[in-house]
Amino acid sequence: MKVKLFFRLANSSFDLPVIPAYNRLPMSLSTNFNPNLITDLQFFLQTAKTPLVIILGPTASGKTAASIKIAKLINGEIISTDSRQLYKGMEIGTESIPENERRNIPHHMIGVTTPDKPLTLAEYKDLTTQKIAEIHTRKKIPMLVGGTGLYISAIIDAYDLPSIPPDKKFREKLEKEAKKNGSKFLHEKLQKIDPAAAATIHPNNLPYIIRALEINHITGRNKKTAKSKSPYDIFIIGMDQPRAKLYERINNRVNLQIEKGLVDEVKKLLAAGYKEYLPAMSSLGVKEIIPYIEGEKSLGECVEILQKNTRHYAKRQMTWFRRYDNVRWISPDKL
């Protein structure tokens, strides 16, 4: 996967062009940052025609804090690339940054729909592309921040995504097959007809498996078609945490989510009538808590399962992100 990235030119003696006012890095802020990162960002902003900064990393790696610091530095606006943060009423489980912690940095694509009205990947791409254009018009820097690799790829690789409505009868057929044979059975079917899509979807993620099979059934096309040249100049920063430290952060985050009221948040979602089969309700931080609410497991058991599932999710995220070229991996502590 090739993306365009601008590097610092070591030992270079030529004078860099003057940065346009809206792209100039404020010295009062930049002196507190990693000097190599500052140099690279400065060169990037001087030369990029359609700049797009991306901050990626696994869950609990420090993306949110890093994104606020960098947005302040480069006059940026943040666009979430977390598929779960799209939904209202799931702020604790998805770690959506509260308004009072955004430090006047505009945030987009957070809480834009309800759990019973999921967005397709094509819809997300269209909305996000529009947001990027609006931010450029304001002479600011758009920043994609999040951990859903497929959403990031849809933007930077300019995938031509089929935008088609659901086929209710076909979905019901697949749901019956899954109920009888399990989601892994459908995942194996997907592997045969669209191995690229199957590689990005966990065998237990039934809603995504069904959607990929549905697209192929209706159009004869894969979920992702051939990618085009990216319309953006791209600078990628990756949050690099040692595995042991990342797993510790994940465990602590889950405990904090419980303290903040994750159980009550899930209760409210169920009370609102949202069914467990919805993609939002089967997502991380919701599906693990439901057995406790229904009296099937203790809270301690559910917390341990959520911690384990989150660690596994982080591992899958890193596998995806390692596919990208030219990521500047940096420890959040050394930002």
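The values are calculated or read from the model by the stated rules, or taken from the named source; none is laboratory data. Treat the numbers as computed from the prediction; the structure is a model and nothing was measured. Positions of Cβ are backbone-derived with ideal geometry, glycine not excepted, and every protein chain shown enters the neighbour counts.
Taken residue by residue, the stretch 266-287 has no member that is of a type in the set (S, T, N, Q), in contact with a helix residue (DSSP H, G or I) (Cβ under 8 Å, 6 or more places away or on another chain) and modelled with pLDDT of 95 or more.
Flag not set for ILE305, criterion: of a type in the set (A, V, I, L, M), surrounded by 14 or more Cβ atoms within 10 Å (Cβ to Cβ) and over 23 Å from ILE201 (Cα atoms). Of all residues in the stretch 254-275, those that are surrounded by fewer than 16 Cβ atoms within 10 Å (Cβ to Cβ) and within 17 Å of HIS312 (Cβ to Cβ) total 0. Can you say whether THR128 is of a type in the set (Ser, Thr, Tyr), farther than 29 Å from ILE250 by Cβ and either without any contact (Cβ under 8 Å) to a residue 12 or more places away in the chain or not assigned by TED's automatic domain parsing to the domain that holds LYS275 (or both), as far as the supplied structure shows? When the stated conditions are applied, THR128 does not pass them. Looking across the stretch 40-63, the residues that are surrounded by fewer than 19 Cβ atoms within 10 Å (Cβ to Cβ) and in a helix (DSSP H, G or I) come down to GLN46, THR47.
Could you say whether any residue in the stretch 78-93 is in a helix (DSSP H, G or I) and at negative phi? I'd like the intermediate steps shown before the answer.
Going through the stretch 78-93, the residues in a helix (DSSP H, G or I) turn out to be none.
Checked the stretch 78-93: no residue is in a helix (DSSP H, G or I) and at negative phi.
Just checking, which of GLY93, GLY147 is buried (at least 22 other Cβ atoms within 10 Å of the Cβ), at pLDDT 95 or above and either among the small types (Gly, Ala, Ser) or closer than 29 Å to LEU306 by Cα (or both)? Give the steps one after another, and end with the answer.
Working: GLY147 fails: at pLDDT 95 or above.
When all the criteria are applied, what remains is GLY93.
Looking across GLY300, GLY295, one residue alone is more than 21 Å from the chain's Cα centre (by Cα), part of a helix (DSSP H, G or I), without any contact (Cβ under 8 Å) to a residue 12 or more places away in the chain and surrounded by fewer than 16 Cβ atoms within 10 Å (Cβ to Cβ). It is GLY300.
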